[in-house]
Amino acid sequence: MKRRNFIEKSTAATAFLTLGGFSLQSFAGNNTKHITILHTNDVHSHIDPFPIDDSQYPNLGGVARRATLVESIRKENPNTLLLDAGDIFQGTPYFNFYGGELEFKLMSMLKYDAATIGNHDFDNGIDGLFAQLPHAQFNFLSANYDFKNTVLNTHVKPYKIFKKDEIKIGVFGLGVELQGLVDPRMYKETVYLNPVEIAQDMSRILKEEEHCDLVICLSHLGYHYKDEKISDLELATKTKNIDLIIGGHTHTFLPKPTISKNSVGENILVNQVGCYGINLGRIDFYFDSDKNLASKGKSIII
């Protein structure tokens, strides 16, 4: 795809979305609180931009550009979280040479707040992933991988709560089933738990017990499948209390978040920004004085 056409396709689809039946116009008062969620997925060790003569993504992407963009958005709104939905590793010689050290160091420099674990993050084995954790100055979140009999035990949290401008934001992680995707020797005694059941538990804890105003699922399940394999869209319909699912795994380029219905008929946003660090997802949430919620979202070309 030509760069110009790609940019037009990616930037023309900015969408104004509403949750709970409220429009953005009703959030114009001085008491409105504004939270920005930035996100990536399936970056796959792409540190540099694509070459100018690349047939698909000429001169797109690159960590330096992402850093500049993220910094400018944080200046615009300090109440910003930066999240990643997994598959940080594997895809360029940087991973082959450095085993993930460079990826984690750069994400730490960009001040990522949290990431979940993708199947390719086990490509150097669970011991290889563990060895790189000291370079990651952010939390790894995964609620449906039971690591209790592995070296990752206590190093990966099921969820984390952030507070921005008195808004409580609960984030939890979900991973794809590893059997059939990853050599068992790579993930060893990691136990895969049903993501729907875990998501129901996590969202209930975060919304009802922790009283979070915004609940986000960092998912590496995949956007959608033709068969019955669990996906982000399926997860959305079978759960409640989740406001946003940030996805990965299927390399799905969404120009704007998908609005789905959860198990009780409420709106839920599902987003994914493709792969290789080409796009940055941005979703802005607005809370009025009663903490009613509205949002707008888009995918930004890097």
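The values are calculated or read from the model by the stated rules, or taken from the named source; none is laboratory data. Because the structure is predicted, anything quoted here is derived from the model rather than measured. FYI the Cβ positions are ideal-geometry reconstructions off the backbone, even for glycines, and counts take in every protein chain you see.
Structure notes:
- Within the range 129-144, considering residues that are surrounded by fewer than 19 Cβ atoms within 10 Å (Cβ to Cβ) and among the aromatic types (Phe, Trp, Tyr), the one farthest from Phe104 (Cα to Cα): Phe130
- Pair list, Cβ under 8 Å, 6 or more apart: the range 65-90 residue modelled with pLDDT of 95 or more and crowded, with 18+ Cβ neighbours inside 10 Å, other residue aromatic (Phe, Trp, Tyr) and in a strand (DSSP E or B): Leu81/Phe162
- Single residue of the range 265-286 satisfying the filter (within 21 Å of Tyr112 (Cβ to Cβ) and part of a loop (DSSP other than H, G, I, E, B)) that is nearest to the chain's Cα centre (by Cα): Gln272
- Of the listed requirements (1) hydrophobic (A, V, I, L, M, F, W, C); (2) touching a His at 6+ places or on another chain (Cβ under 7 Å); (3) part of a strand (DSSP E or B), Phe89 misses just one: (3).
- Checking each residue in the range 269-288 for being in contact with a Lys or Arg (Cβ under 9 Å, 6 or more places away or on another chain) and hydroxyl-bearing (Ser, Thr, Tyr) picks out only Tyr286.
- When Lys157, Lys163 are checked against the criterion of being within 30 Å of Thr32 (Cβ to Cβ) and free of Cβ contacts under 8 Å to residues at least 24 places away in the same chain, a single residue qualifies: Lys163.
- If you go through the range 74-98 and keep only what is out of contact with any strand residue (DSSP E or B) (no Cβ under 6 Å at 6 or more places or on another chain) and not polar (S, T, N, Q), you end up with Lys75, Glu76, Pro78, Asp87, Ile88, Phe89, Gly91, Pro93, Tyr94, Phe95, Phe97, Tyr98.
- Subset tally (residues that are without any contact (Cβ under 8 Å) to a residue 60 or more places away in the chain and among the polar types (S, T, N, Q)) for the range 105-116: 1
- The residues of the range 202-219 that are under 17 Å from Ile268 (Cα atoms) and either free of Cβ contacts under 8 Å to residues at least 12 places away in the same chain or surrounded by 16 or more Cβ atoms within 10 Å (Cβ to Cβ) (or both), listed by number, are Met202, Ser203, Leu206, Lys207, Cys212, Asp213, Leu214, Val215, Ile216, Cys217, Leu218, Ser219.
- Total residues in the range 117-135, condition without any contact (Cβ under 8 Å) to a residue 24 or more places away in the chain and touching a Phe, Trp or Tyr at 6+ places or on another chain (Cβ under 6 Å): 0
- The number of residues in the range 219-264 that are more than 19 Å from Ile300 (Cα to Cα) and either part of a strand (DSSP E or B) or touching a Cys at 6+ places or on another chain (Cβ under 7 Å) (or both) comes to 5.
- Selection count, the range 137-154, where residues are in contact with a Leu (Cβ under 8 Å, 6 or more places away or on another chain), touching a residue at least 40 places away in the same chain (Cβ under 8 Å) and either within 24 Å of Asn77 (Cα to Cα) or among the hydrophobic types (A, V, I, L, M, F, W, C) (or both): 2
- Qualifying residue in the range 145-152 (condition: outside any strand (DSSP E or B) and buried (at least 20 other Cβ atoms within 10 Å of the Cβ)): yes
- Flag if Ile117 is under 30 Å from Glu208 (Cβ atoms), among the aliphatic types (A, V, I, L, M), touching a helix residue (DSSP H, G or I) at 6+ places or on another chain (Cβ under 8 Å) and surrounded by fewer than 16 Cβ atoms within 10 Å (Cβ to Cβ): no
- Test result for Leu193, crowded, with 19+ Cβ neighbours inside 10 Å, on the phi < 0 side of the Ramachandran plot, in contact with a strand residue (DSSP E or B) (Cβ under 7 Å, 6 or more places away or on another chain) and not basic (Lys, Arg): no
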